[in-house]
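Nothing in this text is a laboratory measurement; each read-out follows from the coordinates by a stated rule. Only a predicted model underlies this, so the values are computations on that prediction, with no experimental measurement involved. Don't worry about glycine lacking a Cβ; one is built from the backbone with ideal geometry, like all the others, and counts go over all protein chains shown.
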Amino acid sequence: MTTNERSKFTRTEASFTSDGIRCAATIFRPQEASATPLPAIVMAHGFGTPRAMRLYAFAERFAAAGYIVCVFDYRHFGDSDGEPRQLLDIPRQLADWRAAVDYARTLDGVDPSRIVGWGTSFAGGHVLTLAGTGVEFAAVIAQVPHIDGIAAVRAVGFRHTLRVLPSAVKDVVRALRKKPPHYIDSVGLPGTRAVMVSPDASSGRDRMMQESGLTHGDYPETVAARILLKIGLYSPGRTASAIGCPTLVQIMSEDTVTPASVALRAAQKIRTATVRTYTGGHFDPYVDLLFSAVIRDQLAFLAENVPLAGCSAPTA
């Protein structure tokens, strides 16, 4: 265990199992012990991205404010087990989420009735899906969430879809033949064969890596290409009207990966939604200048909807 005196939190490495596979987790706790059980925030990253890519920055702020935090990697990704590597399977990721929530409920000092689901990008869609299909969250934070599969495909354009389609088909054929996956870059420049090719994608990824102290090669930056045939079928916004817990939806006005207009329409269907819109692109919430505003609004939302028992409201 390491203790960060300045930020007043502790950090431990842990793990849980999902369908028998070890999923790596990092647990952040307030340094000062609490006389009463605390809420816990369960966090996971977006499309093909490990938790070490800037999620710790959010977790540290939450823990310093008084919350227990569990940040995990999906099976097949990051520091978790699972073969083949870099396999993004939506049902498996949703199962990993359920296992992570169940695990968080068992952590020492956690109030099992006050679990917050925090997801960004693709995981933002996951927490909305889970909240809309029966997982009992005390609250949800969906940052630049994936909302509509068809809208996501339209956003990249027909020409790009044709560019990456052969890779997806090749990977499916390899899977049927029990061969290793055919991989595609998760992020690339416009006009390249990659999943996310918005003008700010490569520079945004590089800024996140730099701020996280990572370099290219620390983690694979690819994904098994078969997921490209599934993205258009995955639309978490379809269950938005069934979400009953307080939900913060954070939208970037210039987002070309998860379009702002689509996210706003979905948020309007949630009965207890708080919507915050910022000027910026899909990759901007993770680093300043926008990180400070985004985390401040998340802490304010938590203070109002999942307060720390017997404590004053957390501040940014």
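Residues with beta-carbon under 9 Å from that of Pro259, excluding Pro259: net charge, scoring Lys, Arg +1 and Asp, Glu -1?
Once positives and negatives cancel, what remains is -1.
Report the one residue of Leu38, Gly204, Ala65 whose Cα lies farthest in the direction of the positive end of the charge dipole of the chain (charges on C-beta: Lys and Arg +1, Asp and Glu -1; origin at the Cα centre).
In the chain, that residue is Gly204.
So what is the relative contact order for region 114-249, in percent, with contacts set as C-alpha pairs under 8 Å and at least six apart?
Relative contact order comes out at 35 percent.
What are the radius of gyration and Dmax of region 1-149, computed over its Cα atoms and given in Å?
In Å, with Rg to one decimal and Dmax whole: 14.3, 45.
Net charge around Val69, counting only other residues with Cβ within less than 12 Å of its Cβ (Lys, Arg = +1; Asp, Glu = -1)?
+3
Just rank Ser121, Ser212, fewest to most, by other beta-carbon atoms within 10 angstrom.
Ascending Cβ contact count within 10 Å gives the list Ser212, Ser121.
When we measure straight from the Cα of Lys269, which aspartates and glutamates land under 19 angstrom away, once same-chain ones fewer than 8 places off are left out?
Glu136, Asp148
Per-residue ellipticity at 222 nm for the chain, helices alone: DSSP H runs ≥ 4 residues times -39500 (n - 2.57), over residue total, nearest 500 deg cm²/dmol?
Only helices count here, giving -10000 deg cm²/dmol.
Take every Cα pair under 8 Å in the chain that's 6+ residues apart, average their separations, divide by the length, and report that relative contact order as a whole percent.
In percent, rounded to a whole number, it is 17.
Does anyone have the angle between helix 122-132 and the longest principal axis of the chain? Alpha-carbon axes, 0 to 90°, nearest 10?
60
What FRET efficiency comes out for Asp108 versus Arg296 if R0 is 35 angstrom and r is the Cβ-Cβ distance? Round to the nearest 0.05.
After rounding to 0.05, the efficiency reads 0.75.
If exposed trypsin sites (Lys or Arg not before Pro) are those in a DSSP loop with at most 10 other Cβ within 10 Å, what is the longest stretch of the chain that has none?
Counting only loop sites that pass the neighbour cut-off, the longest clear stretch is 7-176.
At 0.36 nm per residue, and after removing the present C-alpha to C-alpha distance, how many nm does the segment from Glu136 to Leu189 gain when stretched out fully?
So the chain would gain 15.1 nm between Glu136 and Leu189.
For Cα Rg over 2.2 N^0.38 Å, which listed value, (i) 1.39; (ii) 0.95; (iii) 1.08, comes from the coordinates shown?
(ii)
For Lys170, give me every one of the lysines with a C-alpha distance below 16 angstrom, ignoring sequence neighbours fewer than eight places off in its own chain.
Lys178, Lys179, Lys230
Find me the longest stretch of the chain that has none of the exposed GluC sites (Glu not before Pro), where exposed means in a DSSP loop (not H, G, I, E or B) with at most 10 other Cβ atoms within 10 Å.
Within the chain, the longest run free of exposed GluC sites (Glu not before Pro) spans 33-316.
At 0.36 nm per residue, and after removing the present C-alpha to C-alpha distance, how many nm does the segment from Thr277 to Ala33 gain when stretched out fully?
84.3 nm
How much length, in nm to one decimal, is gained on full extension between Leu264 and Leu162, taken as 0.36 nm per residue of separation minus their Cα-Cα distance?
33.9 nm
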